[in-house]
Structures are given as structure tokens and as C-alpha cells.
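The values are calculated or read from the model by the stated rules, or taken from the named source; none is laboratory data. Remember, it's a predicted structure, so these values are computed and weren't measured experimentally. Don't worry about glycine lacking a Cβ; one is built from the backbone with ideal geometry, like all the others, and counts go over all protein chains shown. The protein model used for the area step is the full one, side chains on, heavy atoms only, and it has no ligands, DNA or RNA in it. Shrake-Rupley method; radii C 1.70, N 1.55, O 1.52, S 1.80 Å.
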Amino acid sequence: MMSNKIILLKEGTDTSQGIPQLVSNINACQVIAEAVRTTLGPRGMDKLMVDGRGKATISNDGATILKLLDVVHPAAKTLVDIARSQDAEVGDGTTSVTLLAAEFLKQLKSYVEEGLHPQTIIRSFRTATQLAVKKINEIAVSVKKYDKQEQRQLLEKCAATALNSKLIAGQKEFFSKMVVDAVMSLDELLSLKMIGIKKVQGGALEDSQMISGVAFKKTFSYAGFEMQPKRYDNPRIALLNVELELKAEKDNAEVRVKSVEACGGSIQTSVGALTDDVLGLCELFEEVQVGGERYNFFKGCPKAKTCTIILRGGAEQFTEETERSLHDAIMIVRRAIKSDSIVAGGGAIEMELSKYLRDYSRTIPGKQQLLIGAYAKALEIIPRQLCDNAGFDATNILNKLRAKHAQGGMWYGVDINNEDIADNYVACVWEPSIVRINALTAASEAACLILSVDETIKNPRSSMDGPPGGGRGRGRGRPHAH
């Protein structure tokens, strides 16, 4: 008796399951990693992305690149997500986290093809990650907080390491000082909102400046304003919610909110009752020409710890990329203040973990031995990629590094400037250990997530390609023909 074929899913539904689809998911993740692979490190290249509206973005930041690539593959989206989470949580290391996850999967691909059960792999990877994080915490160097001078130097080194791989690496001394000043001027909560970044076209990068206080574009002009003095000492500030001229309300609102937070006082809706307690204070008010714009600076605000960074630069894409780079550096400095331990960058910590896990894997029997070994091998992608991007012979340098780490040189990493290896702790290539911990946990989580999927079911696209609801009008109502 023939059993009738049971149709469960809608016609045209694409289902793929088993090992082939796992392998295809792994391949998709490799493709994502290829997109950002060359941006890693001080010699990394930049990518130019043009979106649908023709807006060009030049960036070196893994998260920015992946955000702008419109990824549709469901498994590959996981890598985009971890890059974003790394960006939100720590700010830097977005390229590393993507590379690590893809490399984990690449090392595991042969085991998956041989039919090793994904759960076995996942269990070993979880163990390996725990061991790696424990090891980072053991060897990370903690920072003395009470010594302000030393802490400051450390933060500048961390900021410089973060800026090393960006477009503005040439000015990293200048900017790392500025970033540390900016973060140090905040209060305990270190809220990022308190650092305003304004971009003014024109001028050189070195003309960028940091104002400890509030700075904004001059908002209104009136007859005879040229005669007015351009600087006041200890002025009182009245914050009025009154239209002094017709202008976009958004600008004024932003200015008022910032000023209230910084200068004290409260926003008044009329000029009738201006008493002392509703007026704000600051030490110095100046009106300064920056590029083509006039800016108002309020310095020495008593209440909040705020600062404004004014970026200068030629092309618009360039100042935007500078802003993204500074954002990464600011996040790193915040992290370094909060979690006071650092590790050496430049592939040093990865090589040390790789050596540690490789040694550990030899002490355990069974399949775990192979899998933790694969994890250890995958960690070497970071130093390898740093070499490739700088045009060095990666195999040669990695062999030197393995030898050095086996002899106990635990902070040895790639020396980009001399095509060799160097003690990166001495060379001050430092980053907060939390960056590495976060990258490892996120990458291994993503790899485990992709491995644990054993079936992908895609619903068929509906017959209409356009968005529901007629596509064109977007609900704005069409004009009547009169």
C-alpha cells in the first residue's frame, strides 16, 4: 500500500538539513570574514562602501563595515551581530571578533564533515573558552589606580593602541592625549553622552581641539551683534524657552539641554521672573571662529563634567571616520578605567592562550583533545592576519612566536615596524583585558550557535516583491489631480 506524500510546508519552502547545510553555513561565515579580514591591525586597509543613495563611507571599523553590508544570509548575520555587540560593549576589537568566530568554524569544518556530533564540539569549545578566560585573568597586569600619573600614561597607551589601526594613526599621540583628557573630565559614571563631538570641515587634523565645557554653533544673530564683546568672564546664563528668531528648534533644544546639564540653572519660559537661582554660571564665555562657523564656548562649567571635541579635517568621509576612530578610543579608555587590568596586544595574548590550550589539550584523552587543539590553532589567526596585512611572511613569524612562547616569553607578539617579533608589553601595545575576554566569549558563542543549527527552513517569498500596501505611496496619500 503506497503511503500518500504528506505536504507540511507551503510549496516552494526551502529546507536544508544535516551536514551539508551546516557546512554551507560555515562557508557563509568565511565569506563575511573575508570582507573584514584585511582591515585588521596597524597595516590594515580601509573599505569604501557606497549605499543605495550613493553615500560613500570609508571605514576601517569592523562593525561599521558589517553594518553597511546588507547581509541576508541567516547564519552569517550572527557574525554581524557579534561585531555589533563587541562595538556596543567594548568599542574596539570588532574585526578580531569576526575573524575569530570564522576561524573557529573553519578549523571545525573537517570534523563536521567527518560526522563528529556538533554537541561534542560545542562542549569542548565551551571548556576551551572558560580556560582561556581564566588564563587571561591570571596573566593580565593590573593597574595601580591610586597613582594618577601612571594611570594616565596607561590610558594613553591603550588609546594609542586602539588608534593604531585607524586612519588617524599618524596623529595618535595628539588624539590619545585628547581622548584621555576627555574621558578624565567626566564624572564617575563616565557617560558617553557627556562627550560631544562636532565636525567642522576645513583645516588640518591637528587643528582639532577639546573644549572642557559646552561648545555649539552660534545659534542666532541680531542687529549690531558684531559690536558686542566676544568674551565674558563669570557670566550668568539665562536659558530661555523663547523663540528669539525663527530657526530649527532641534538645534536650540540640544543647546539648552547641554547647557542645563553643564552650567546649572533651569529653563525659563518667560523673561519676567529671572532670579539668581534660575540662572546658570560658567567661568568663561567666548565666541570663536572655527573654520567657516562661529562657535560659542562655555568653559569652566561648575555642574556637570562635560567636554566637546571639535574635529577638523578635509573631506567629509575623513572627519566621519576620525569620529568613529575616536569613539573606539573613548570606549577603550572608559573600559580601561572601569576594569583595571591590561594585556599586550599585537597577537601576543592570542599566542599565549594558543600555547596554553595546546599544552592543556595534550593532557586529556578523547575527542576533546582534538577540538581544544583546533581552538588553540584558530587563535593564531590574529597574529597571522596581522602579518599578512603588513605583507610579512606569516609562517616564518608565527614559528618564531611559537618558539618564543614555548620558552616563556609570554608577551611576545608581532612587531609591525621591523617585520619581526617583539615584547609588546615593553613596546606599550596594550589593551584592556576585557576587550579580549569579550571577543573570545562572543566569538565562541557565535561559533557554537552556528554549529547547533541542524536545519534551515526558508519560507517562500510572497508573489509580490514590493512592500505590502501598494509599495509606492508609503501611506502619505497621493495628491489629487485638480
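Could you check region 76-92 and list, in sequence order, the residues that are open to solvent by less than 10 Å² (accessible area, probe 1.4 Å) and small (Gly, Ala, Ser)?
Here is the first cut: in region 76-92, the ones open to solvent by less than 10 Å² (accessible area, probe 1.4 Å) are 76, 79, 83, 86, 90-91.
Ala76, Ala83, Gly91 - these are the residues of region 76-92 that are open to solvent by less than 10 Å² (accessible area, probe 1.4 Å) and small (Gly, Ala, Ser).
Restricting to region 183-227, name every residue that is in contact with a Phe, Trp or Tyr (Cβ under 9 Å, 6 or more places away or on another chain) and assigned to a loop (DSSP other than H, G, I, E, B). First the steps, then the outcome.
If we filter region 183-227 for residues that are in contact with a Phe, Trp or Tyr (Cβ under 9 Å, 6 or more places away or on another chain), which is where we start, we get 196, 198, 200, 205-206, 208, 211, 213-218.
Result: Ser208, Lys218.
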Expected output for region 384-395 (first residue over 13 Å from Pro42 (Cβ atoms) and free of Cβ contacts under 8 Å to residues at least 24 places away in the same chain, partner open to solvent by 30 Å² or more (accessible area, probe 1.4 Å) and among the basic types (Lys, Arg), Cβ below 6 Å, 6+ apart or cross-chain) is Ala394/Arg384
All conditions in (1) without any contact (Cβ under 8 Å) to a residue 12 or more places away in the chain; (2) crowded, with 23+ Cβ neighbours inside 10 Å are true of Gly413 except (1)
Just one listed residue, out of Gln289, Gln369, Gln385, is in contact with a helix residue (DSSP H, G or I) (Cβ under 9 Å, 6 or more places away or on another chain) and either of a type in the set (Phe, Trp, Tyr) or more than 27 Å from Ser85 (Cα to Cα) (or both), and it is Gln369
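Quick one: in region 93-112, which of the residues that are more than 20 Å from Asn438 (Cβ to Cβ) and either touching a residue at least 60 places away in the same chain (Cβ under 8 Å) or open to solvent by less than 30 Å² (accessible area, probe 1.4 Å) (or both) is nearest to the chain's Cα centre (by Cα)?
Out of the qualifying residues, it is Lys106.
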Note: among Gly203, Gly170, Gly115, Gly196, just one is small (Gly, Ala, Ser) and without any contact (Cβ under 8 Å) to a residue 40 or more places away in the chain, namely Gly170
- Message: Whether any residue in region 375-382 is buried (at least 23 other Cβ atoms within 10 Å of the Cβ) and either free of Cβ contacts under 8 Å to residues at least 40 places away in the same chain or of a type in the set (S, T, N, Q) (or both) is what I want to check.
- Response: no
For Phe318, the lone unmet condition from (1) surrounded by fewer than 23 Cβ atoms within 10 Å (Cβ to Cβ); (2) touching a Cys at 6+ places or on another chain (Cβ under 7 Å) is (2)
Residue hits (region 326-363; in a helix (DSSP H, G or I), open to solvent by 20 Å² or more (accessible area, probe 1.4 Å) and of a type in the set (Ser, Thr, Tyr)) are Tyr356, Tyr360
Selection from region 199-217 of residues under 21 Å from Ala160 (Cα atoms) and open to solvent by less than 40 Å² (accessible area, probe 1.4 Å) yields Leu205, Ser208, Ile211
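When residues of region 53-66 are filtered for being in contact with a helix residue (DSSP H, G or I) (Cβ under 7 Å, 6 or more places away or on another chain), open to solvent by 50 Å² or more (accessible area, probe 1.4 Å) and among the charged types (D, E, K, R), how many remain?
As a first pass, look at region 53-66 and keep what is in contact with a helix residue (DSSP H, G or I) (Cβ under 7 Å, 6 or more places away or on another chain): 56-66.
This time we only want the ones that are open to solvent by 50 Å² or more (accessible area, probe 1.4 Å), so: 58.
Adding the requirement that they be among the charged types (D, E, K, R) leaves none.
Residues that pass the stated criteria total 0.
Quick one: which of Glu419, Glu455 is touching a strand residue (DSSP E or B) at 6+ places or on another chain (Cβ under 9 Å), more than 19 Å from Thr161 (Cβ to Cβ) and either modelled with pLDDT under 90 or open to solvent by 50 Å² or more (accessible area, probe 1.4 Å) (or both)? It would help to see each step written out before you state the result.
Details: Glu419 fails: touching a strand residue (DSSP E or B) at 6+ places or on another chain (Cβ under 9 Å).
It is Glu455.
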In the set Leu190, Leu100, the lone residue that is of a type outside the set (S, T, N, Q), in contact with a helix residue (DSSP H, G or I) (Cβ under 6 Å, 6 or more places away or on another chain) and under 29 Å from Leu69 (Cβ atoms) is Leu100
Within region 343-364, of all residues that are under 21 Å from Lys109 (Cα atoms) and free of Cβ contacts under 8 Å to residues at least 24 places away in the same chain, the one nearest to the chain's Cα centre (by Cα) is Arg358
Restricting region 256-306 to residues that are part of a helix (DSSP H, G or I) and open to solvent by less than 70 Å² (accessible area, probe 1.4 Å), the one farthest from Lys217 (Cα to Cα) turns out to be Val278
Within region 128-182, of all residues that are surrounded by fewer than 17 Cβ atoms within 10 Å (Cβ to Cβ) and polar (S, T, N, Q), the one nearest to Ser433 (Cα to Cα) is Asn137
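Residues Val180, Val242: which one is in contact with a Lys or Arg (Cβ under 7 Å, 6 or more places away or on another chain) and either at pLDDT 80 or above or farther than 18 Å from Gly292 by Cβ (or both)?
Values: Val242 fails: in contact with a Lys or Arg (Cβ under 7 Å, 6 or more places away or on another chain).
Answer to the selection: Val180.
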Being farther than 29 Å from Glu419 by Cα, acidic (Asp, Glu) and open to solvent by 50 Å² or more (accessible area, probe 1.4 Å) is the requirement here; does Glu11 meet it? yes
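Within region 364-383, can you find the residues that are over 17 Å from Gly93 (Cβ atoms) and in a loop (DSSP other than H, G, I, E, B)? Quick ask: steps written out before the conclusion?
Pass one, region 364-383, residues over 17 Å from Gly93 (Cβ atoms): 364-377.
Across region 364-383, the qualifying residues are Ile364, Pro365, Gly366.
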